[in-house]
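Chemist: Mind having a look at this structure? Questions to follow.
The values are calculated or read from the model by the stated rules, or taken from the named source; none is laboratory data. What you see is a predicted model, and the numbers here were worked out from it, not measured in a lab. Cβ atoms come from the backbone with ideal geometry, glycine included; neighbour counts cover every protein chain shown. The protein model used for the area step is the full one, side chains on, heavy atoms only, and it has no ligands, DNA or RNA in it. Shrake-Rupley method; radii C 1.70, N 1.55, O 1.52, S 1.80 Å.
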Number of protein chains: 2
Amino acid sequence: MEPRSGTLTPLAPGEVRVTGGFWHDLQRLNASTIIGHCLAWVERVGWLANFDRAADGSLEADHAGIEFVDSEVYKLLEAMAWEIGTDDEGELADTYRDLVNRVAAAQEEDGYLHTFFGRPGQRARFSDLEWGHELYCFGHLLQAAVARLRSGHDDQLPAVARRLADFLVVEFGETGRTAVGGHPEIEVALAEFGRATDTRTYIDLAATFVERRGHGLLAPIEHGQEYFQDDQPVRSGAVLHGHAVRALYLSAGAVDVGVEHDDEALVEAVEGQYVATLARRTYVTGGMGSHHRDEAFGDDFELPHDRAYAETCAAIGSVMVSWRLLLHSGKARYGDVIERTLLNAVLASPRRDGKAFFYSNTLHQRTPGLPPAEDSTSPRAQSSMRAPWFEVSCCPTNVARTLASAHLYFATRSDAGLQIHQFGDFTATAEVGGEELTVQIASAYPFEGDVVLKVIAAPSSPVEIALRVPAWAEAEATWSVNGDGLTVALGDGYLRVTGIVSADTGLLLSLPLTPRVVSPDPHIDDVRGQVAIERGPLVLALESIDLPDGVDTESVEIDLSSPIESTPTGARVTLRRRTDRELPWPYDGASTTDTDAGPAIVADMIPYARWANRGPSTMRVFLPTARP
Amino acid sequence: MEPRSGTLTPLAPGEVRVTGGFWHDLQRLNASTIIGHCLAWVERVGWLANFDRAADGSLEADHAGIEFVDSEVYKLLEAMAWEIGTDDEGELADTYRDLVNRVAAAQEEDGYLHTFFGRPGQRARFSDLEWGHELYCFGHLLQAAVARLRSGHDDQLPAVARRLADFLVVEFGETGRTAVGGHPEIEVALAEFGRATDTRTYIDLAATFVERRGHGLLAPIEHGQEYFQDDQPVRSGAVLHGHAVRALYLSAGAVDVGVEHDDEALVEAVEGQYVATLARRTYVTGGMGSHHRDEAFGDDFELPHDRAYAETCAAIGSVMVSWRLLLHSGKARYGDVIERTLLNAVLASPRRDGKAFFYSNTLHQRTPGLPPAEDSTSPRAQSSMRAPWFEVSCCPTNVARTLASAHLYFATRSDAGLQIHQFGDFTATAEVGGEELTVQIASAYPFEGDVVLKVIAAPSSPVEIALRVPAWAEAEATWSVNGDGLTVALGDGYLRVTGIVSADTGLLLSLPLTPRVVSPDPHIDDVRGQVAIERGPLVLALESIDLPDGVDTESVEIDLSSPIESTPTGARVTLRRRTDRELPWPYDGASTTDTDAGPAIVADMIPYARWANRGPSTMRVFLPTARP
């Protein structure tokens, strides 16, 4: 059930319990609203009925939705499995079992399960590996089964998944067809399912898929073979490229395969690509993917902010990769990336009421977006405000499964003790040296910087409790420990408390949440001469709703000579208004604009992830600096 | 044959003759290479054979190419017709007649002519008005016929076009189906064909199509109804929006309709939209269209340079609109736009050898592009270097027809005399007051700024000869006149010589070609803190090939405190090299980069339109300015 090797080991679902605060609210929103919203939509648009009709034989060419809508049902099942957890009782568990029944009924004799292919009037199985997404859908089914198994239930969906995985081993294994699928996902899923079922053949098939990639097995398409990472072998790349979600899912699977096969070179190759991607191809929110057209990473430093694609699913994929590299290396840096990406990129997607989502996440909205209709599906990335559902609706269910399992990213264990990577209100427990170590974390993070750790249950032997100290806090973080004979040291991004702890032991870690001015690398032309403001782990945004009437986000500059004050969730900044005169031709000189000498404007910046929750607006993450 | 009203009147093809120099070279390249290249490709990929197979009844679902490849043949016929001109003899004329025969043979009894629709195995006629492009293809057929008619030949293609246009009047006229096509083109084509054949019903049908647009007759698509300008009536828009080529072709047709129907409000509406587009949605090259995904204009000032789409066909569409507004209003400004757009945006497309083309035209290439294979088609906008042919290959044939007819944009006439709008080596002639006025223009423009005008034939009455003085030259232009009793005055963008001229009359207009530093409007975030360099009408570019080994375009800043010198075709600038240190996270502060204190780099900038002719390279139009 655990990775074969690695510096850190994940905790099981029951070992981390969210007890309140920021993440509790989000997980309640997910359980009470988002999951039900997604369920209502997959029913409404006929994507669930596809399974029923496959089962009763009435499904033909009139399949509802595009090729890979099965996967939305599977991601929803995964979200529900995490949310149900170990208990398996109550209304959600009943709903879950009903859904699994409907899915299971569509499985064919040989284990194949896909509603878009293989029936009269449909295309043949595996006739379109480039775009058909069969293996992608299978992957999400296996992931849903993993969530169920890790929650302690080896019941119907894991059985369906085993039959499917066994079918795949025959169909695509060493003696089967030499092929890969156009959208990676099966790799990470087979590796995780192999772990969860202790079946090496599944992990070996994941490795086979990873190694086959990059040899041109997929036919060329308009976006080039790099679109699905089939242009070069996984281990020979220098930086992530092509379709961002595909690249990140594949990377996650490659790390898993590397870990399981003791293939350190593969893990190092992916880590190098990911590190280069963070350095040169990532938005300040942690969002990845610069292109709308092919949903791809661009060149190094090609990061247009008003045309940022930054797909929600890519952010989730980045968290998946960071998490695996964190487990493998123990480097605090990956905890930083998870924090940044979860709080700023993933959480930007759901609307505050949980009933609409961003698919792509712009960092600069120049015109007030119009809200899409609440009762119809939207094109995947066209809406400038959050939409209830999409024709390609990968993001809402991906948000649902990520929120339902977010607490699993909070803490890990090692032989020495526990590591706390994210902050909130939760307990984490692990067996250390055969005894229980349980800690309680309490904080109003990410809005307040005090994190209190209390030991609840302690082993009799010395342990190490490590708390990640984010890179932005390292210089100013302070702490105090309540407990005798403990060693406390900050290094490599962790504050480590070492010694014999007891139920009296407490730690207060104070992280500075003073707003910070963030200057971008000059290679990022698109935000040259601009700065962003961060407060703690949150990237802030200026939304037009917070400006006085008649002032818009496109005609202000930030005055860095004035102090920036902290607000409960953001920052208060001083702006100078530009006088904009329209010129017939916008390349006629700098004289088009003057910074107004009039009174300064004081405005509040809010967390970027919370923008577009108060009606149509314009928004900027980066603000031009006022010329002196 | 001429617009019903307007300040200026176009000259006929025979009335402007290119005699040498820059445009002569380009038109020879077109005649000797580009036209033949396109012809070889439409044959090779089976797009011509579609017509043969339509004629012999063997064409079914196995049509070669996408829905609108007929149009490439028609644009090629248009290019050939302009190139053949009045003579109609020689090899090209024979080839032309053979091609027309093959096209004509595919016309059906009722006048319909399209190879993609209506046959067994094909979809029904007009069953996909959103994407089918039938009306678009018809439009290009009519345009090809217009070129033939305006060149003095009312032969087979005009006859085919008449049958097709008559079919359309029945099918789509007031008593036919209330519909429009997804891609405008039929509007401008019917208006021009109506003029060329003096048939008001064609012009009326053009007007009907223009007026029907914007009422949601087209079904919604992923990119929204604004993609094909069906979201609001043409006359109610404030700025061009949606798919750039569609918007510009439609605008050209709407101006034609407005002029022909004395509908000044319609012309004014389109002019207002176009003026706003120039002010806020146009690249410095004159290129239009910021989005790759939907090939659309973005929001105001959304102009990413590394992701510039700036489709070649949109530039051609912009020239078409500018030309119509120039004729209507006589405003020199539209001559400026034609100059900028032709020289920098349209001419960027063909490779110097005429055998490869840019489809989209980036203004910032961050990585050396790899040349596409010379013997295969490319995806439309994926190649970073020019490609020989595209799957959607609208640009090469569009370049061919534009080059073949470019001289028609050079001069106009009015009751008072002649107007010279573009410079080169050519003669222009017009009847003024019943007598001939002919002038000869000689220059080494756009590389040298002296333009010599000589009167060749003069009427006995006073005339006015006007030369456009580009806005960038107005303050420093000088001139001298050889001739008695003439009034010379500069105003409204024209140098006007008025009086009785004779064959002795000469004028020397000297335009300053000193390189100019161009600062962008601060609303264009993507080039904040950067400048472009222009020399005369040419936008310059820094290409990596012109930098010393080990220096790349991404790590230099321009030193504006050093003088910028003129070179024969561009400018020599002084650059400072930045020391770039890679940071793990590119939002950690301004300290990533220092301007090198070492020796300055002196480098030549070349005309933007000529970049990517010397092998893979990186390129920038805008350069960051060195910090003091």
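Chemist: Tell me the residue from B:L266, B:L250 that is surrounded by 24 or more Cβ atoms within 10 Å (Cβ to Cβ), among the aliphatic types (A, V, I, L, M) and more than 12 Å from chain A (Cβ to nearest Cβ), please. Outline the logic, then answer.
Modeler: On the way: B:L266 fails: surrounded by 24 or more Cβ atoms within 10 Å (Cβ to Cβ).
Unique residue meeting the criteria: B:L250.
Chemist: Which residues, taken from the range A:538-561, are open to solvent by 30 Å² or more (accessible area, probe 1.4 Å) and either facing chain B (nearest Cβ under 9 Å) or farther than 14 Å from A:R620 by Cβ (or both)?
Modeler: Selection gives A:P548, A:D549, A:G550, A:L560, A:S561.
Chemist: Only one of (1) crowded, with 23+ Cβ neighbours inside 10 Å; (2) within 14 Å of another protein chain (Cβ to nearest Cβ); (3) of a type in the set (S, T, N, Q) is not met by B:Q229, so which one is it?
Modeler: Result: B:Q229 passes all but (2).
Chemist: Quick check on this structure: which one of A:T7, A:T19 is part of a loop (DSSP other than H, G, I, E, B), under 17 Å from A:Y409 (Cα atoms) and polar (S, T, N, Q)?
Modeler: Checking each option against the conditions leaves just A:T7.
Chemist: Which of the residues spanning the range A:455-485 are crowded, with 17+ Cβ neighbours inside 10 Å, more than 29 Å from A:R516 (Cβ to Cβ) and modelled with pLDDT of 95 or more?
Modeler: Residues satisfying the conditions are A:V455, A:A458, A:P459, A:V463, A:E464.
Chemist: Would you please name the residue that is farthest from the other protein chains (Cβ to nearest Cβ), looking only at residues in the range A:342-363 that are in contact with a strand residue (DSSP E or B) (Cβ under 7 Å, 6 or more places away or on another chain) and crowded, with 24+ Cβ neighbours inside 10 Å?
Modeler: By that ranking, first place goes to A:P350.
Chemist: Follow-up question, since we're still on this one. Only one of these is more than 21 Å from B:G173 (Cα to Cα) and modelled with pLDDT of 95 or more: B:R125, B:R150. Name it. Quick ask: steps written out before the conclusion?
Modeler: Details: B:R125 fails: more than 21 Å from B:G173 (Cα to Cα).
Checking each option against the conditions leaves just B:R150.
Chemist: So A:G65 fits all but one of (1) open to solvent by less than 30 Å² (accessible area, probe 1.4 Å); (2) of a type outside the set (S, T, Y); (3) not in a helix (DSSP H, G or I); what number is the exception?
Modeler: (1) is the only condition that A:G65 fails.
Chemist: Can you name the residue in the range B:567-579 that is assigned to a strand (DSSP E or B) and of a type in the set (V, I, T) and is also nearest to the other protein chains (Cβ to nearest Cβ) among such residues? Explain how you work it out, then say what you get.
Modeler: Quick first cut of the range B:567-579, residues assigned to a strand (DSSP E or B) only: B:571-579.
Next, from what is left, pick out any that are of a type in the set (V, I, T): B:573-574, B:579.
Numbers: B:V573: 17, B:T574: 19, B:T579: 11 Å.
Among those that are assigned to a strand (DSSP E or B) and of a type in the set (V, I, T), it is B:T579.
Chemist: What is the number of the single condition among (1) within 14 Å of chain B (Cβ to nearest Cβ); (2) surrounded by fewer than 21 Cβ atoms within 10 Å (Cβ to Cβ) that A:A308 does not meet?
Modeler: Answer for A:A308: the failing condition is (2).
Chemist: Taking the range A:517-537 on its own, how many of its residues are more than 10 Å from chain B (Cβ to nearest Cβ) and either open to solvent by 10 Å² or more (accessible area, probe 1.4 Å) or out of contact with any strand residue (DSSP E or B) (no Cβ under 6 Å at 6 or more places or on another chain) (or both)? Before the answer, list the steps.
Modeler: First pass over the range A:517-537, keeping only residues more than 10 Å from chain B (Cβ to nearest Cβ): A:533, A:535-537.
Then drop every residue that is not either open to solvent by 10 Å² or more (accessible area, probe 1.4 Å) or out of contact with any strand residue (DSSP E or B) (no Cβ under 6 Å at 6 or more places or on another chain) (or both), which leaves A:535-537.
Residues flagged as more than 10 Å from chain B (Cβ to nearest Cβ) and either open to solvent by 10 Å² or more (accessible area, probe 1.4 Å) or out of contact with any strand residue (DSSP E or B) (no Cβ under 6 Å at 6 or more places or on another chain) (or both) within the range A:517-537 amount to 3.
Chemist: Tally the residues that are within 14 Å of chain B (Cβ to nearest Cβ) and either under 24 Å from A:V337 (Cα atoms) or part of a loop (DSSP other than H, G, I, E, B) (or both), restricting the search to the range A:386-410.
Modeler: Step one: filter the range A:386-410 for residues within 14 Å of chain B (Cβ to nearest Cβ), giving A:387, A:390-393.
Now narrow it down to the ones that are either under 24 Å from A:V337 (Cα atoms) or part of a loop (DSSP other than H, G, I, E, B) (or both): A:391-393.
So the answer is 3.
Chemist: Within the group B:V275, B:V255, which residue is assigned to a helix (DSSP H, G or I) and within 9 Å of another protein chain (Cβ to nearest Cβ)? Explain how you work it out, then say what you get.
Modeler: On the way: B:V255 fails: within 9 Å of another protein chain (Cβ to nearest Cβ).
After applying the criteria, what remains is B:V275.
Chemist: Would you point out which residue out of A:V234, A:V245, A:V255 is free of Cβ contacts under 8 Å to residues at least 60 places away in the same chain, surrounded by 24 or more Cβ atoms within 10 Å (Cβ to Cβ) and not small (G, A, S)? Lay out the reasoning, then the answer.
Modeler: Details: A:V245 fails: free of Cβ contacts under 8 Å to residues at least 60 places away in the same chain; A:V255 fails: free of Cβ contacts under 8 Å to residues at least 60 places away in the same chain.
Answer to the selection: A:V234.
Chemist: Which condition number in (1) within 13 Å of chain B (Cβ to nearest Cβ); (2) under 26 Å from A:L266 (Cα atoms) is the one that A:R293 fails?
Modeler: Only one criterion in (1) within 13 Å of chain B (Cβ to nearest Cβ); (2) under 26 Å from A:L266 (Cα atoms) is unmet by A:R293, namely (2).
Condition check ((1) part of a loop (DSSP other than H, G, I, E, B); (2) out of contact with any helix residue (DSSP H, G or I) (no Cβ under 7 Å at 6 or more places or on another chain); (3) of a type in the set (G, A, S)) across all residues:
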site: B:Q419; (1), (2), (3): no, yes, no
site: B:V439; (1), (2), (3): no, yes, no
site: B:V452; (1), (2), (3): no, yes, no
site: B:P459; (1), (2), (3): yes, yes, no
site: B:A466; (1), (2), (3): no, yes, yes
site: B:A475; (1), (2), (3): yes, yes, yes
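Chemist: Moving to a separate point now. Is it the case, given these coordinates, that A:A79 is under 27 Å from A:A356 (Cα atoms) and either at pLDDT 95 or above or in a helix (DSSP H, G or I) (or both)?
Modeler: Numbers: under 27 Å from A:A356 (Cα atoms): yes; either at pLDDT 95 or above or in a helix (DSSP H, G or I) (or both): yes.
Against the criterion (under 27 Å from A:A356 (Cα atoms) and either at pLDDT 95 or above or in a helix (DSSP H, G or I) (or both)), A:A79 qualifies.
Chemist: Of all residues in the range A:364-385, which are under 22 Å from A:L540 (Cβ atoms) and open to solvent by 10 Å² or more (accessible area, probe 1.4 Å)?
Modeler: Within the range A:364-385, A:H364, A:Q365, A:R366, A:T367, A:P368, A:S384, A:M385 qualify.
Chemist: Could you grab me the full set of residues in the range A:490-504 that are surrounded by fewer than 22 Cβ atoms within 10 Å (Cβ to Cβ) and in a loop (DSSP other than H, G, I, E, B)? Steps first, answer last, please.
Modeler: Restricting attention to the range A:490-504, the residues satisfying the condition of being surrounded by fewer than 22 Cβ atoms within 10 Å (Cβ to Cβ) are A:490-494, A:496, A:498-500, A:502-504.
Selection gives A:D492, A:G493, A:I500, A:S502, A:A503, A:D504.
Chemist: Turning to a different aspect of this structure: When you scan the range A:209-219, do you find a residue that is touching a residue at least 40 places away in the same chain (Cβ under 8 Å), within 14 Å of chain B (Cβ to nearest Cβ) and open to solvent by 40 Å² or more (accessible area, probe 1.4 Å), even just one?
Modeler: Yes, the conditions are met somewhere in the range A:209-219.
Chemist: Just to be sure I understand the filter: pairs with C-beta atoms under 6 Å, separated by 6 or more residues or on different chains, first member in the range B:373-385 and under 13 Å from B:C395 (Cβ atoms) and within 9 Å of chain A (Cβ to nearest Cβ), second member modelled with pLDDT of 75 or more and not in a loop (DSSP other than H, G, I, E, B). Which pairs pass?
Modeler: Every condition considered, the pairs that remain are B:R380/B:F390.
Chemist: Farther than 28 Å from B:Y445 by Cα, among the basic types (K, R) and touching a residue at least 12 places away in the same chain (Cβ under 8 Å): is that true of B:R351 in this structure? Before the answer, list the steps.
Modeler: Values: farther than 28 Å from B:Y445 by Cα: no; among the basic types (K, R): yes; touching a residue at least 12 places away in the same chain (Cβ under 8 Å): yes.
Here the answer is no, as B:R351 does not meet what is asked.
Chemist: Let me ask something additional. Which of the residues spanning the range B:420-451 are surrounded by 21 or more Cβ atoms within 10 Å (Cβ to Cβ), more than 30 Å from B:A571 (Cα to Cα) and of a type in the set (G, A, S)?
Modeler: B:A428, B:A430 - these are the residues of the range B:420-451 that are surrounded by 21 or more Cβ atoms within 10 Å (Cβ to Cβ), more than 30 Å from B:A571 (Cα to Cα) and of a type in the set (G, A, S).
Chemist: Further question: Looking for whichever is within 16 Å of the chain's Cα centre (by Cα) and over 19 Å from A:V234 (Cα atoms) here; the options are A:T312, A:T277. Which one fits? Walk me through how you get there before you give the answer.
Modeler: Details: A:T277 fails: over 19 Å from A:V234 (Cα atoms).
Within the list A:T312, A:T277, the selection yields A:T312.
Chemist: For the range A:527-566, what are the residues that are of a type in the set (S, T, N, Q) and either assigned to a loop (DSSP other than H, G, I, E, B) or at pLDDT 95 or above (or both)?
Modeler: Kept after step one, since they are of a type in the set (S, T, N, Q), are these residues of the range A:527-566: A:530, A:544, A:553, A:555, A:561-562, A:566.
Result: A:Q530, A:S544, A:T553, A:S561, A:S562, A:S566.
Chemist: If you don't mind, there's one more thing I want to ask. Do we find that B:V73 is under 30 Å from B:E130 (Cβ atoms) and β-branched (V, I, T) in this structure?
Modeler: On the way: under 30 Å from B:E130 (Cβ atoms): yes; β-branched (V, I, T): yes.
Yes.
Chemist: Also: So in the range B:505-516, with the set limited to residues that are open to solvent by 30 Å² or more (accessible area, probe 1.4 Å) and more than 22 Å from A:P584 (Cβ to Cβ), which one is nearest to the other protein chains (Cβ to nearest Cβ)? Working first, answer last.
Modeler: Residues of the range B:505-516 that are open to solvent by 30 Å² or more (accessible area, probe 1.4 Å), as a first pass: B:508, B:514, B:516.
From the residues that got through so far, the ones that are more than 22 Å from A:P584 (Cβ to Cβ) too are B:508, B:514.
Details: B:L508: 27, B:T514: 15 Å.
Here the answer is B:T514.
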